[in-house]
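Derivation of every value follows stated rules applied to the coordinates shown; laboratory data play no part. Computed from a predicted structure; not experimentally measured. Here the Cβ positions follow ideal geometry from the backbone for every residue, glycine too, while neighbour counts run over all protein chains shown.
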Amino acid sequence: MKIYFFKTECQLNLKVPFDFFYKKVIFHKMKKFKKFIISQKIFFITIFTVLIFDKITKSIVKNTFYLGESRKVIGNFFRLTYIENTGIAFGILSDWSHPIKSILLFVLSIFALIFLISIYIKSEKKFLTQLTFGLIFGGAIGNIFDRVFYGKVVDFFDFGVKNYRWPFFNIADASITIGLIIILLFANFLEKKKSKKLKRKK
């Protein structure tokens with residue numbers, strides 16, 4: 001009976017601080033995290049959407065095209081051509097065959113991602129900001145994933161006129177590019193707005 005009482009007492013003594021720790025620390029942290037996710041829903045939904053479309057389109061091309069195959073969509077202006085890119089976006093550095101290439105590209109991608117995270121943290125989390133950075137992060141994560149697990153990225157969008165072709169790209173590249181264009185346009189808009197305000201003050 002004494003042994004049973006001693007065990008129960010120990011359990012009670014341990015249970016009280018654990019309940020306190022759960023309610024005050026874990027539950028509070030989970031609540032804050034949930035609030036953060038909800039406040040950044042456009043950002044996370046955009047990332048998820050880009051990743052899904054990127055993975056689906058790459059998978060379709062890999063399973064329905066043979067490597068190097070090209071199919072016309074709008075004549076020769078827009079074609080779908082299956083290539084595997086070992087470089088970065090738009091085939092840059094794809095011809096470079098140094099042994100440290102894959103490691104270097106991975107490290108550069110991670111640094112670029114960290115840099116973007118630091119910018120996003122400091123920025124105002126408005127709809128356009130969340131959408132823009134969501135597009136960039138979704139595209140970057142999609143290509144980094146392929147580079148880490150497959151050592152190459154599937155590209156298939158092929159635009160051009162006759163022999164003048166734009167470098168091949170995919171959904172991830174397009175998302176990053178659109179995101180960067182929005183940032184540049186928005187930055188230009190803010191700059192013009194500031195200059196107008198300064199002129200009015202003068």
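Quick notes on this structure:
- Distant-in-sequence amide contacts of ASP158, defined by a placed amide H-H separation under 5 Å and a gap of 5 or more residues or a different chain, comprise ARG79, THR81.
- Only Lys, Arg (+1) and Asp, Glu (-1) charged, at Cβ; the stretch 46-90 dipole about Cα centre in debye: 120 debye
- FRET efficiency, ASN63 to LEU185 (Cβ-Cβ, R0 41 Å, nearest 0.05): 0.65
- Pairwise label distance in nanometres, GLN40 with PHE145, each label 7 Å out on the Cα-Cβ vector: 1.8 nm
- Exceedance of the 23 Å cut-off in Cα-Cα distance is limited, within the set LYS31/LYS125; LYS34/LYS55; LYS58/LYS162; LYS34/LYS122; LYS72/LYS162; LYS55/LYS126, to LYS34/LYS55; LYS58/LYS162; LYS55/LYS126.
- Amide H contacts of PHE65 (H built 1.01 Å from N, under 5 Å, at least 5 apart or other chain): none
- Paramagnetic reach from ILE52 in the stretch 114-135 [backbone N under 17 Å; point 7 Å along Cα→Cβ]: 131, 134-135
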